[in-house]
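Below is one structure, written out as C-alpha cells; the observations come after it.
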Amino acid sequence: MQFFLYEIVARIVAIYLFVDCWRTIRNGLIERKIAYFNDDLIDWLLIDWSNWSIHRDAAPVRYWITIGLRIIFLVGCLGVAIFGWWQPNT
C-alpha cells in the first residue's frame, strides 16, 4: 500500500502540476502578463486572484520574481515525477 501511495499517486500529481505550471509559465511569457502569486491562504480563499495579473511592462521585478517562483515549482514537480516520493526505511 505504501508503494502505491508514495510512488504512483505522487508521480501522477507531480505530472499534473508540472503540466499546469508549464502552461502558466508559457502563457505568461507569451502574453507578457502572469497571474498574481499569493501565498496567503486567507486571501486565496476569499479573493479571486485569477483575475489579477502582473504585467511585464508595469511591474517587471514582480513579474520576473513570479516567473522564477513558478520555475522553481516546475523543477520540483519534475523531480518528484522522475524520482518519485522517497521515504527512508526506518
Checklist outcome for this item: Amide H neighbours of residue 36 at under 5 Å, excluding residues fewer than 5 places away on the same chain, with H built from the backbone geometry, are 52, 53, 54
Next on the checklist: With θ taken as phi - 60° and the coefficients 6.51, -1.76 and 1.60, list the Karplus ³J(HN,Hα) couplings across the stretch 18-34 in order, rounded to whole Hz; mark glycine and proline as x.
Outcome noted: 4, 5, 5, 5, 4, 5, 5, 5, 4, 5, x, 6, 6, 7, 6, 8, 9
Checklist entry - Contour minus end-to-end for residue 52 and residue 16, with contour as 0.36 nm per residue of separation and end-to-end as the Cα-Cα distance? => result 10.6 nm
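Bear in mind these aren't lab numbers, they're just calculated from the coordinates by the rules spelled out. Nothing here was measured: the structure is a model prediction, and the numbers come from that model.
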